[in-house]
Amino acid sequence: MRYLIGEDHIGRGACRLDRLEGDEFDYALFDGVPRAADFPSDARFRMNDSFPEDLRTEDFISNITSALVVSARTRELLGGAALPHNEFLPVDIINHKGRKERGPFFILHQVDLQDCIDFERTVCTRNAIDPALLSSVEQLVLDEGRIHTQAPIFRLKYFPYAPMFREDIVEQIHAAGLTGIRFTEPSRFTY
């Protein structure tokens, strides 16, 4: 099975979001820790003030934390697919006027990080502070034999900043015309 990296594809007039507010454990979103049981009901993102004219919400909404913030339309489409090891965590989006946007919106949270990077063939640099993580990646190569067969959307154990999508999920997203995301071959991805 083929896997692609999901990246922001910000459309004209589409909003960008700041950091998640109201969740003191937001770092756990990239550690593969399940959050559905303790996720705060008042978690929210504010639209980024650097883009005051950009108000439109897309199906995948760009944010500086690299979380997958998605629309109800995305949840409906992907909720119908078998998405084990993923959670939909409800969040609010606060616009530039301080008002809550009509939603609902969710963080599509991956809770099973996959240890599947082929380090022999991947060009990467280890993080100087935490050598278990990567700080840069070029020509990412996956060992697909180490990817759990029930992981259609996941994050990489040593590089949790870019979500991975199985090809059939990508095809569903394209067929539905969902906005705000594009997909890149791992070998062409640079970070």
(request) Would you check if there is a residue in the range 123-130 being under 25 Å from residue 22 (Cβ atoms) and crowded, with 16+ Cβ neighbours inside 10 Å? (result) no
(message) Name the single residue that is nearest to the chain's Cα centre (by Cα) among those in the range 1-21 being assigned to a loop (DSSP other than H, G, I, E, B) and among the aliphatic types (A, V, I, L, M).
(response) 10
(request) Can you tell me which residue among 148, 174 is outside any strand (DSSP E or B) and in contact with a strand residue (DSSP E or B) (Cβ under 7 Å, 6 or more places away or on another chain)? (result) 148
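Residue-by-condition table, conditions (1) over 20 Å from residue 87 (Cα atoms); (2) modelled with pLDDT of 90 or more:
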position	(1), (2)
133	yes, no
142	yes, yes
149	no, no
154	no, yes
157	no, yes
164	no, yes
168	no, yes
173	no, yes
185	yes, yes
(request) Kindly indicate which of 170, 123 is among the aliphatic types (A, V, I, L, M) and touching a Phe, Trp or Tyr at 6+ places or on another chain (Cβ under 7 Å). (result) 170
(request) Would you mind listing the strands (runs of 3 or more DSSP E) fully within the range 66-117 where at least 1 residues are surrounded by fewer than 18 Cβ atoms within 10 Å (Cβ to Cβ) and in contact (Cβ under 8 Å) with a residue 24 or more places away in the chain? (result) 86-94
(request) Keeping to the range 131-177, report how many residues are over 16 Å from residue 5 (Cβ atoms) and either buried (at least 17 other Cβ atoms within 10 Å of the Cβ) or of a type outside the set (D, E, K, R) (or both). (result) 12
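For the subset of the range 177-191 comprising residues that are part of a strand (DSSP E or B) and hydrophobic (A, V, I, L, M, F, W, C), which member is farthest from residue 63 (Cα to Cα)?
The selected residue is 183.
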(message) Just to be sure I understand the filter: pairs with C-beta atoms under 8 Å, separated by 6 or more residues or on different chains, first member in the range 149-170 and closer than 17 Å to residue 182 by Cβ and in contact (Cβ under 8 Å) with a residue 24 or more places away in the chain, second member part of a strand (DSSP E or B) and hydroxyl-bearing (Ser, Thr, Tyr). Which pairs pass?
(response) 164/3; 165/3; 166/3; 167/3
(request) Collect the residues in the range 1-60 that are under 29 Å from residue 142 (Cβ atoms), small (Gly, Ala, Ser) and touching a Gly at 6+ places or on another chain (Cβ under 6 Å), keeping them in residue-number order. (result) none
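The values are calculated or read from the model by the stated rules, or taken from the named source; none is laboratory data. All of these numbers come straight from a predicted model, not from anything done at the bench. Using ideal geometry, Cβ is built from the backbone for each residue, glycine included, and neighbour counts are taken over all protein chains shown.
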